[in-house]
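Participant: If you scroll down you'll find the structure; I have some questions about it.
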Amino acid sequence: MRVRTPRTVAEAEAIQDELRPLLDLTGPGPERPATVAGVDVAYDGDRLAAAVAVLDGTTLEVLEEVTVTGRTAFDYVPGLLAFRELPALLDALERLSLVPELVVCDGYGLAHPRRFGLACHLGVLTGLPSIGVGKTAFVGSHAEPGPARGSQADLVLDGEVVGRVLRTRDGVKPVFVSVGHRVDLDTACRNVLGLTPAHRLPETTRVSDRLSRAALSGAR
DNA sequence: GCGACAG
DNA sequence: ATCTTGTCGC
């Protein structure tokens with residue numbers, strides 16, 4: 001599948017509003033996924049490298065890795081990240097031999113100005129269960145979660161819960177979790193905790209991050 | 001009107 | 001995202 005590349009911000013927002021109804025927020029989604037994919041993109045000017053890493057959901061062992069390189073076709077605009085990263089990510093996902101039971105994205109899903117962040121967009125276009133894990137605040141307000149790993153606080157936007165601020169390590173800055181497609185928020189958070197046995201960020205994003213950077217430098 | 005703003 | 005040294009802690 002391909003991403004429609006908009007020419008303007010207005011066009012991009014219209015596409016998000018058009019795809020938003022296709023979201024499946026029914027859940028619950030995979031509780032103990034056998035395979036989980038992490039996706040990430042690295043940049044160097046207008047060059048980019050997208051990476052997908054599929055890990056065993058239990059042992060977190062890397063089962064498969066795919067990278068693709070290309071050029072940016074859309075500048076970064078807050079709220080429109082998907083149009084910048086999705087073309088290359090979908091390209092990489094299509095080259096996978098394994099079909100992951102869950103995809104973990106770098107960024108946000110439902111916690112988005114129009115409720116259609118990168119994780120939602122990727123999920124709708126691929127049909128795969130997906131969630132978003134952001135490292136910094138984007139939208140919504142929240143209380144400070146407790147200091148212990150596992151502590152959570154609702155992320156609220158316009159009066160509705162759109163995500164959760166989750167502490168994955170004792171005393172370490174929390175991550176922002178929101179659902180993408182075919183997964184509910186509690187299941188998303190449980191999966192994130194299962195993917196963070198030793199670090200703040202999920203192993204899936206750590207592996208795909210390293211992979212995309214390596215592919216970027218190796219492709220020159 | 002003026003900032004803030006995933007990666 | 002990316003630009004970047006030393007430094008604290010497991």
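Participant: Which one of A:80, A:128 is away from DNA strand C (no atom under 16 Å from the Cβ), on the phi < 0 side of the Ramachandran plot, of a type in the set (A, V, I, L, M) and at pLDDT 95 or above?
Facilitator: Unique residue meeting the criteria: A:128.
Participant: Turning to a different aspect of this structure: Being within 16 Å of DNA strand C (Cβ to nearest atom) and over 30 Å from residue A:196 (Cα atoms) is the filter here, so list the residues in segment A:15-46 that pass it.
Facilitator: Residues satisfying the conditions are A:45, A:46.
Participant: With the structure loaded, tell me whether residue A:151 is more than 13 Å from the chain's Cα centre (by Cα) and more than 16 Å from DNA strand B (Cβ to nearest atom) or whether it fails that test.
Facilitator: yes
Participant: I'd like the residue in segment A:31-52 that is surrounded by 21 or more Cβ atoms within 10 Å (Cβ to Cβ) and either more than 11 Å from DNA strand B (Cβ to nearest atom) or charged (D, E, K, R) (or both) and, out of all such residues, is farthest from residue A:89 (Cα to Cα). Talk me through it step by step, then tell me what you get.
Facilitator: Of the residues in segment A:31-52, the ones surrounded by 21 or more Cβ atoms within 10 Å (Cβ to Cβ) are A:33, A:36-42, A:48-52.
Imposing the further condition that a residue be either more than 11 Å from DNA strand B (Cβ to nearest atom) or charged (D, E, K, R) (or both) reduces the set to A:33, A:36-38, A:40, A:49, A:51-52.
Values: A:33: 21, A:36: 15, A:37: 11, A:38: 10, A:40: 8, A:49: 9, A:51: 7, A:52: 7 Å.
Among those that are surrounded by 21 or more Cβ atoms within 10 Å (Cβ to Cβ) and either more than 11 Å from DNA strand B (Cβ to nearest atom) or charged (D, E, K, R) (or both), it is A:33.
Participant: Quick check: is even one residue across segment A:169-186 under 13 Å from residue A:131 (Cα atoms) and part of a helix (DSSP H, G or I)?
Facilitator: Scanning segment A:169-186 turns up at least one residue that is under 13 Å from residue A:131 (Cα atoms) and part of a helix (DSSP H, G or I).
Participant: So, of the residues in segment A:124-143 that are within 12 Å of DNA strand B (Cβ to nearest atom) and under 20 Å from residue A:187 (Cβ atoms), which turns out to be surrounded by the most Cβ atoms within 10 Å (Cβ to Cβ)?
Facilitator: A:131
Participant: Could you give every pair whose Cβ atoms fall below 6 Å, whose first residue belongs to segment A:193-220 and is closer than 16 Å to residue A:102 by Cβ and more than 12 Å from DNA strand C (Cβ to nearest atom), and whose second residue is part of a helix (DSSP H, G or I) and open to solvent by 20 Å² or more (accessible area, probe 1.4 Å), counting only separations of at least 6 or pairs across chains?
Facilitator: A:195/A:203
Participant: Just to be sure, is residue A:73 in contact with a Pro (Cβ under 8 Å, 6 or more places away or on another chain), among the aliphatic types (A, V, I, L, M), within 16 Å of DNA strand C (Cβ to nearest atom) and farther than 23 Å from residue A:162 by Cα?
Facilitator: yes
Participant: Filter segment A:74-108 down to the residues that are assigned to a loop (DSSP other than H, G, I, E, B), open to solvent by less than 20 Å² (accessible area, probe 1.4 Å) and away from DNA strand B (no atom under 12 Å from the Cβ) and list them by number.
Facilitator: Within segment A:74-108, just A:100 meets the criteria.
Participant: Also, quick follow-up: Let me confirm something: among A:69, A:58, A:26, which residue is open to solvent by 70 Å² or more (accessible area, probe 1.4 Å) and modelled with pLDDT under 95?
Facilitator: When all the criteria are applied, what remains is A:26.
Participant: Identify all residues within segment A:152-181 that are farther than 25 Å from residue A:121 by Cβ and open to solvent by 30 Å² or more (accessible area, probe 1.4 Å); write none if there are none.
Facilitator: As a first pass, look at segment A:152-181 and keep what is farther than 25 Å from residue A:121 by Cβ: A:153, A:167, A:169-173.
Those that are farther than 25 Å from residue A:121 by Cβ and open to solvent by 30 Å² or more (accessible area, probe 1.4 Å): A:169, A:170, A:171, A:172, A:173.
Participant: Output the number of residues of segment A:12-68 satisfying the condition of being among the hydroxyl-bearing types (Ser, Thr, Tyr) and not in a loop (DSSP other than H, G, I, E, B).
Facilitator: Qualifying residue count, segment A:12-68: 3.
Participant: Is it the case, given these coordinates, that residue A:71 is more than 16 Å from residue A:206 (Cβ to Cβ), without any contact (Cβ under 8 Å) to a residue 40 or more places away in the chain and of a type in the set (Lys, Arg)?
Facilitator: Spelling it out, residue A:71 is indeed more than 16 Å from residue A:206 (Cβ to Cβ), without any contact (Cβ under 8 Å) to a residue 40 or more places away in the chain and of a type in the set (Lys, Arg).
The values are calculated or read from the model by the stated rules, or taken from the named source; none is laboratory data. Quick caveat: nothing in here was measured; it's all calculated off a predicted structure. Heads up, the Cβs are rebuilt from the backbone with ideal geometry, glycines too, and the neighbour counts pull from every protein chain shown. Note: areas computed on protein heavy atoms with side chains; ligands, DNA, RNA excluded. Shrake-Rupley method; radii C 1.70, N 1.55, O 1.52, S 1.80 Å.
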